[in-house]
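**Q** Please read through the structure below; I'll follow up with questions.
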Amino acid sequence: MITFRHALMAALLPALLAGCGGAEATAAGPEVKVLRYQGSVGTVTFPELAEELGFLGDVKLKWVGNTTSGPQDIQSAATGQTDFGGAFDGAIVKLKAAKAPIRAVIGYYGSDKDTFNGYYVTENSPIKTARDLIGKKIGVNTLGAHHEAVIKEYLRREGLTPEEAKQVQLVVIPPVNTEQALRQGRLDVGTLGGLLKDKALERGGLRPLFTDVDLLGPFTAGSVVLREDFIAENPTTTRTFVTGFAKAIEWAQTHSREEVIATFERIIAKRGRNESADAVRFWKSTGIAGKGGVIAEKEFQTWIDWLEREGEIRPGQVKAADLYTNTFNPYAGGSGS
């Protein structure tokens with residue numbers, strides 16, 4: 001933790017001194033109007049949707065590449081390589097515990113009855129309960145994020161002791177390889193979501209051990225963060241960005257699936273990144289619990305409690321109220337955290 005903190009602050013200092021986004025951002029100078037961000041191959045982010053729908057006003061987006069994971073995305077934002085990034089709320093808690101000057105401003109993904117992550121075994125697997133996972137391998141996309149947190153919460157709720165839970169091995173594997181590894185017996189359980197889940201279930205032979213929405217109910221799982229200095233120096237841009245972002249989420253929450261997919265396909269075709277739009281055709285819902293991405297305190301408190309139990313942060317080290325604000329979200333009724 002100390003090493004990471006030193007590295008973070010060393011990388012952050014030049015960004016704080018130099019400003020960001022291609023414009024001088026001081027108390028007396030103009031606000032930043034071009035926001036650098038990382039995208040994701042074959043998918044459309046809500047800021048990209050907001051820009052397409054004309055919700056961002058005079059704020060423009062500048063794509064600088066694709067992210068490799070949520071933790072990487074918010075670290076890039078914290079160190080000034082980008083202006084905003086999104087990740088699982090538990091990863092945001094850990095980065096804040098490392099003294100990163102970030103603040104979550106809007107929720108951007110989650111789980112509901114249509115969009116969720118499942119933890120799957122083969123139909124003939126002897127694994128029926130959490131206790132059957134002792135000594136077994138579960139494939140996840142990355143450590144320290146959504147999938148690991150949900151698995152450990154499942155084990156705890158099902159009565160495994162911390163010592164027993166440590167015997168459940170989490171194996172990092174690219175999501176595109178999870179199904180094959182599960183069917184070949186290299187994994188005992190595979191984590192699947194989105195297009196990969198739908199395709200795997202179409203092929204048959206798999207059954208869910210549990211899902212995150214069954215465990216936790218509908219919930220927003222991840223948020224987008226800005227640096228606190230960026231918010232302070234660019235309040236109008238921040239409000240324009242979050243308002244447009246929120247309107248894009250609300251648009252996707254209230255328009256037909258067919259219209260959302262058609263818009264996503266149009267965005268992917270226009271941006272010319274040499275990618276397939278196949279994945280967006282399986283889009284079902286935003287998965288976001290709050291209207292327009294409004295953040296609920298419990299969405300952070302759940303993972304603060306988990307990280308404290310895991311010994312990854314000290315009790316009281318991070319408070320939910322210090323992690324997020326709804327001040328800039330028009331669907332929050334004007335109230336902030």
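The values are calculated or read from the model by the stated rules, or taken from the named source; none is laboratory data. Not measured: the values here are computed from a predicted model. All Cβ positions, even for glycine, are placed from backbone atoms using ideal geometry, and neighbour counts span all protein chains on display. When the accessible area is computed, the model is the full protein with side chains, heavy atoms only, and any ligands, DNA or RNA have been set aside. Shrake-Rupley method; radii C 1.70, N 1.55, O 1.52, S 1.80 Å.
**Q** Which condition from (1) under 29 Å from Lys99 (Cβ atoms); (2) out of contact with any His (no Cβ under 7 Å at 6 or more places or on another chain); (3) surrounded by 15 or more Cβ atoms within 10 Å (Cβ to Cβ) is the one that Lys247 breaks?
**A** Every listed condition holds for Lys247 apart from (1).
**Q** Among Ala262, Ala320, Ala252, which is the only one that is without any contact (Cβ under 8 Å) to a residue 40 or more places away in the chain, surrounded by 19 or more Cβ atoms within 10 Å (Cβ to Cβ) and at negative phi?
**A** Values: Ala262 fails: surrounded by 19 or more Cβ atoms within 10 Å (Cβ to Cβ); Ala252 fails: without any contact (Cβ under 8 Å) to a residue 40 or more places away in the chain.
Of Ala262, Ala320, Ala252, the one residue that is without any contact (Cβ under 8 Å) to a residue 40 or more places away in the chain, surrounded by 19 or more Cβ atoms within 10 Å (Cβ to Cβ) and at negative phi is Ala320.
**Q** Quick check: is even one residue across the range 83-96 at pLDDT 95 or above and touching a Cys at 6+ places or on another chain (Cβ under 9 Å)?
**A** There is at least one residue in the range 83-96 that is at pLDDT 95 or above and touching a Cys at 6+ places or on another chain (Cβ under 9 Å).
**Q** Of the numbered conditions (1) on the phi > 0 side of the Ramachandran plot; (2) in contact (Cβ under 8 Å) with a residue 12 or more places away in the chain, Gly54 satisfies every one except a single condition; which is it?
**A** (2)
**Q** May I ask you to say which residue of Glu164, Glu202, Glu148 is crowded, with 19+ Cβ neighbours inside 10 Å, not polar (S, T, N, Q) and not in a strand (DSSP E or B)? It would help to see each step written out before you state the result.
**A** Details: Glu164 fails: crowded, with 19+ Cβ neighbours inside 10 Å; Glu202 fails: crowded, with 19+ Cβ neighbours inside 10 Å.
Step by step, each of Glu164, Glu202, Glu148 is checked, and only Glu148 is crowded, with 19+ Cβ neighbours inside 10 Å, not polar (S, T, N, Q) and not in a strand (DSSP E or B).
**Q** Being under 30 Å from Leu323 (Cβ atoms), β-branched (Val, Ile, Thr) and either in contact with a strand residue (DSSP E or B) (Cβ under 9 Å, 6 or more places away or on another chain) or surrounded by fewer than 23 Cβ atoms within 10 Å (Cβ to Cβ) (or both) is true for just one of Val121, Val176, Val189, Val140. Which residue is that?
**A** Values: Val121 fails: under 30 Å from Leu323 (Cβ atoms); Val176 fails: under 30 Å from Leu323 (Cβ atoms); Val189 fails: under 30 Å from Leu323 (Cβ atoms).
Testing whether each residue is under 30 Å from Leu323 (Cβ atoms), β-branched (Val, Ile, Thr) and either in contact with a strand residue (DSSP E or B) (Cβ under 9 Å, 6 or more places away or on another chain) or surrounded by fewer than 23 Cβ atoms within 10 Å (Cβ to Cβ) (or both) leaves just Val140.
**Q** Determine the pairs where a residue that is without any contact (Cβ under 8 Å) to a residue 24 or more places away in the chain and within 26 Å of Ile304 (Cα to Cα), located within the range 126-149, has a partner that is open to solvent by 60 Å² or more (accessible area, probe 1.4 Å) and not in a loop (DSSP other than H, G, I, E, B) with Cβ atoms under 9 Å apart, the partner being 6 or more residues away or on another chain.
**A** So the pair list comes out empty.
**Q** Test each condition in (1) outside any strand (DSSP E or B); (2) of a type in the set (Ser, Thr, Tyr); (3) open to solvent by less than 30 Å² (accessible area, probe 1.4 Å) for Thr115 and report the one that comes out false.
**A** Only one criterion in (1) outside any strand (DSSP E or B); (2) of a type in the set (Ser, Thr, Tyr); (3) open to solvent by less than 30 Å² (accessible area, probe 1.4 Å) is unmet by Thr115, namely (3).
**Q** Is it the case that Gln81 is in a loop (DSSP other than H, G, I, E, B), open to solvent by 10 Å² or more (accessible area, probe 1.4 Å), in contact with a strand residue (DSSP E or B) (Cβ under 8 Å, 6 or more places away or on another chain) and over 16 Å from Glu299 (Cα atoms)? Don't jump to the end; show me each part of the working.
**A** Working: in a loop (DSSP other than H, G, I, E, B): yes; open to solvent by 10 Å² or more (accessible area, probe 1.4 Å): yes; in contact with a strand residue (DSSP E or B) (Cβ under 8 Å, 6 or more places away or on another chain): yes; over 16 Å from Glu299 (Cα atoms): yes.
Yes; evaluated as a whole, the condition is true for this residue.
**Q** Kindly establish whether Ile295 is in a helix (DSSP H, G or I) and open to solvent by less than 60 Å² (accessible area, probe 1.4 Å).
**A** On the way: in a helix (DSSP H, G or I): no; open to solvent by less than 60 Å² (accessible area, probe 1.4 Å): yes.
Here the answer is no, as Ile295 does not meet what is asked.
**Q** Shifting gears a bit: Residue by residue through the range 201-213, note down the ones that are within 21 Å of Glu148 (Cα to Cα) and aliphatic (A, V, I, L, M).
**A** From the range 201-213, those within 21 Å of Glu148 (Cα to Cα) are 206-213; that's our starting set.
Selection gives Leu206, Leu209, Val213.
**Q** Could I ask something else about it? Filter the range 205-215 for residues that are of a type in the set (A, V, I, L, M) and crowded, with 19+ Cβ neighbours inside 10 Å and give the result. So that I can check it myself, show each step before the final result.
**A** Initially, the range 205-215 is screened for residues of a type in the set (A, V, I, L, M), giving 206, 209, 213, 215.
Leu206, Leu209, Val213, listed by residue number.
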